[in-house]
1. So, of the residues in region 127-151 that are in contact (Cβ under 8 Å) with a residue 40 or more places away in the chain and farther than 16 Å from residue 67 by Cβ, which turns out to be farthest from the chain's Cα centre (by Cα)?
2. Please work out which residue is modelled with the lowest pLDDT, limiting yourself to region 98-141 and to residues that are under 29 Å from residue 33 (Cβ atoms) and surrounded by 20 or more Cβ atoms within 10 Å (Cβ to Cβ).
3. For region 76-97, what are the residues that are in contact with a helix residue (DSSP H, G or I) (Cβ under 6 Å, 6 or more places away or on another chain) and either at pLDDT 90 or above or over 17 Å from residue 144 (Cα atoms) (or both)?
4. Return only the number of the condition from (1) outside any helix (DSSP H, G or I); (2) modelled with pLDDT of 95 or more that residue 157 does not satisfy.
5. Every residue in region 17-33 that is outside any helix (DSSP H, G or I) and either surrounded by fewer than 16 Cβ atoms within 10 Å (Cβ to Cβ) or at pLDDT below 80 (or both), please.
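The values are calculated or read from the model by the stated rules, or taken from the named source; none is laboratory data. Quick caveat: nothing in here was measured; it's all calculated off a predicted structure. Positions of Cβ are generated from backbone atoms using ideal geometry, with glycine treated the same way; all protein chains shown enter the neighbour counts.
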């Protein structure tokens, strides 16, 4: 119903799954909010899972470009529909919703930091580059690109931020860099 997960009611869920209200409250005694939070945790895992194996292997420029392409492909296919964003909006500003986002972003950032540090160890990225800060810029840029996509239906801004940040990693004068 509605196309956005957060618009689903417990009656909708019961009808789709063939479960009783008692069964739902047995597994989710907190009701709809607890159920939506469980689905949000699942969706958050998919955000990172959909980027594998690329996200966990950012050890070459080809790997960074594969990750970039996987992200763009995922979000292009998803379009303006963002299940995780919808669920978190429905769950509101609860501590649980905030924790789902904090955990997702911390895990995502850890992967990107590891990739930057691997490239630094290989001499492909300048040693003085602040890996955690640059990883944060990647995550914020991706999230901004996704928000623009949700508003416009275009992945152009997401592509631009990823290309610009990868070029930044390469550094001025590197082959393929445009900065």
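1. 129
2. Going through region 98-141, the residues under 29 Å from residue 33 (Cβ atoms) turn out to be 98-110, 139-140.
Add one more test, that the residue is surrounded by 20 or more Cβ atoms within 10 Å (Cβ to Cβ), and what stays is 100, 104, 108.
Numbers: 100: 82, 104: 87, 108: 93.
My answer is 100.
3. 87, 90, 91, 96, 97, listed by residue number.
4. With (1) outside any helix (DSSP H, G or I); (2) modelled with pLDDT of 95 or more applied to residue 157, the lone miss is (1).
5. First, the residues of region 17-33 that are outside any helix (DSSP H, G or I): 18-20, 28-31.
The answer is 18, 19, 20, 29, 30, 31.
Residues are listed down the side, and each one gets a yes or a no for (1) under 21 Å from the mean Cα position of the chain (by Cα); (2) closer than 30 Å to residue 123 by Cα; (3) at pLDDT 80 or above; (4) assigned to a helix (DSSP H, G or I):
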residue: 1; (1), (2), (3), (4): no, no, no, no
residue: 6; (1), (2), (3), (4): yes, no, no, yes
residue: 11; (1), (2), (3), (4): no, no, yes, yes
residue: 15; (1), (2), (3), (4): no, no, yes, yes
residue: 35; (1), (2), (3), (4): yes, no, no, yes
residue: 41; (1), (2), (3), (4): yes, no, no, yes
residue: 44; (1), (2), (3), (4): yes, no, no, yes
residue: 48; (1), (2), (3), (4): yes, yes, yes, yes
residue: 51; (1), (2), (3), (4): yes, yes, yes, no
